[in-house]
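**Student:** Structure incoming, see below.
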Amino acid sequence: MVALHPILVVIAAGTLVCVFARAAMHKVTDLTMFVHTMGGYRLLPAALLRPAALGLLVIEIAVILGLIVPATRPFAAGIALVLLAIYAGAIAVNLVRGNTHIDCGCGGAGQGLSWYLVARNAVLVMLCLVAMASLLPVEMTAVAWLSAAAGILSAILLFAGIEKLIDNWSWLQASNRAFEQHNHEGHD
């Protein structure tokens, strides 16, 4: 395993904590809607949707707690990696099926499926790999912790900006389809 400077590992783990906290909060605040969203993926029988949603919520909370504790961070990052790969796979399967008009269930409001989400999850998987790394024997000073906090904040702001761009792209695609359909109907 590669050894990295602790600042990089803390930034990666802290960013993942924020991403998974957002996703878990989405599930906690409206589990029924998340179950409905999972049903839209058409990957599980209806009877398994609610237990699977609860299971994902529990695992995401465990990942959050595990990433915070240094001793469990590598294991939690590995679980996060597996979850992100599963989520990316579920999105990819539905994109290939042409089932793009469902909410991704990622924690935001009404974000349709796109290959951008698969790419985003690939980037998050890379963060998991960084969070799993061994630490170089470097002391984390107050300045190092402030640098890590600034790095986490920067990563979250970048992530939020990318999410907004993806949201806007999805909205523009839907608007263009509606406009083209309206124009096509008007000329028939």
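Only the coordinates and a few stated rules stand behind these numbers; no lab work does. Keep in mind it's a predicted model, so treat the numbers as computed, not measured. Cβ atoms come from the backbone with ideal geometry, glycine included; neighbour counts cover every protein chain shown.
**Student:** Taking the number of other C-beta atoms within 10 Å as the exposure measure, put His182, His36 in order starting with the fewest.
**Tutor:** Ordered from fewest to most neighbouring Cβ atoms within 10 Å, His182, His36 come out as His182, His36.
**Student:** With point charges of +1 on the Cβ of Lys and Arg and -1 on the Cβ of Asp and Glu, referenced to the Cα centre of the chain, which listed residue (Ile152, Trp169, Leu84) lies farthest in the positive direction of the dipole?
**Tutor:** Positive-end residue among those listed: Leu84.
**Student:** Under a Cβ-Cβ limit of 4.7 Å, which cysteines in the chain have nobody to pair with?
**Tutor:** Cys18, Cys128
**Student:** Using unit Cβ charges (K, R positive; D, E negative) and no other charged atoms, how large, in debye to the nearest 20, is the dipole of the chain about its Cα centre?
**Tutor:** I would put it at about 380 debye.
**Student:** I need the peptides 134-145, 11-22 ranked by packing, meaning the mean over residues of other C-beta atoms within 10 angstrom, with the highest value on top.
**Tutor:** 11-22, 134-145
**Student:** Just to check, using Stokes-Einstein with a Kirkwood Rh over alpha carbon pairs, what's the diffusion coefficient of the range 99-188 at 25 °C and 0.890 mPa s in µm²/s?
**Tutor:** This corresponds to a translational diffusion coefficient of 150 µm²/s.
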